[in-house]
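Asks: Pasting in a structure now, in structure tokens, and then I'll have a few things to ask.
The values are calculated or read from the model by the stated rules, or taken from the named source; none is laboratory data. From a predicted model like this one, the values you see are computed outputs, not experimental measurements. Positions of Cβ are backbone-derived with ideal geometry, glycine not excepted, and every protein chain shown enters the neighbour counts.
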């Protein structure tokens, strides 16, 4: 099993919650990719504007560099990584194997979650743009997909089982 795992998916799918729980289960460290967004990106999203690829590249480079940082055991990173090109960029910057775990759910289910949360910069109005950008895994990608309708503990168990099968 790799020691670099990216929990990915659209906003509101539970990346941070699941990622932190998975890191705890694996005895690793958790980082949230949102913490690496420059202020301009956060302001743009807070104002209801989707990011462009040009906005994302420096952020993805920072996240990828964190993934490639010193080896202190397992690192679980929450990062949307919606497009193949973004995942390629993360792997390139990391310079090591990265496993991607897609948290998958219906747009309606995730929209309900987003309406119920507070204190996040990503408004529910941008959810459609996230689903529009989401690309399926390519053959070169090491990946696991799990459905998010279960409890966090069940999702983490599904991820662990999926990682064992890789």
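Asks: Among the residues of region 18-43, count how many are outside any helix (DSSP H, G or I) and either closer than 15 Å to residue 130 by Cβ or touching a helix residue (DSSP H, G or I) at 6+ places or on another chain (Cβ under 7 Å) (or both). Give the steps one after another, and end with the answer.
Replies: Step one: list which residues in region 18-43 are outside any helix (DSSP H, G or I), which gives 27-32, 37-38.
So of that shortlist, the ones also either closer than 15 Å to residue 130 by Cβ or touching a helix residue (DSSP H, G or I) at 6+ places or on another chain (Cβ under 7 Å) (or both) come out as 29-32, 37-38.
Final tally of qualifying residues: 6.
Asks: Same structure again: Does residue 15 count as touching a strand residue (DSSP E or B) at 6+ places or on another chain (Cβ under 9 Å), over 22 Å from residue 132 (Cβ atoms) and at pLDDT 95 or above? Break it down into steps so the answer makes sense when it comes.
Replies: Details: touching a strand residue (DSSP E or B) at 6+ places or on another chain (Cβ under 9 Å): yes; over 22 Å from residue 132 (Cβ atoms): no; at pLDDT 95 or above: yes.
Considered against the rule, which asks whether it is touching a strand residue (DSSP E or B) at 6+ places or on another chain (Cβ under 9 Å), over 22 Å from residue 132 (Cβ atoms) and at pLDDT 95 or above, residue 15 comes out as no.
Asks: Being over 20 Å from residue 126 (Cβ atoms) and surrounded by fewer than 17 Cβ atoms within 10 Å (Cβ to Cβ) is the filter here, so list the residues in region 4-27 that pass it.
Replies: From region 4-27, those over 20 Å from residue 126 (Cβ atoms) are 4-6, 18-27; that's our starting set.
Across region 4-27, the qualifying residues are 24, 25, 27.
Asks: Being at positive phi and within 17 Å of the chain's Cα centre (by Cα) is the filter here, so list the residues in region 22-60 that pass it.
Replies: As a first pass, look at region 22-60 and keep what is at positive phi: 27, 48.
Correct list: empty.
Asks: May I pose another question? With respect to residue 48, is the statement that it is in contact (Cβ under 8 Å) with a residue 60 or more places away in the chain and more than 22 Å from residue 142 (Cβ to Cβ) true? It would help to see each step written out before you state the result.
Replies: On the way: in contact (Cβ under 8 Å) with a residue 60 or more places away in the chain: yes; more than 22 Å from residue 142 (Cβ to Cβ): yes.
The answer is yes for residue 48.
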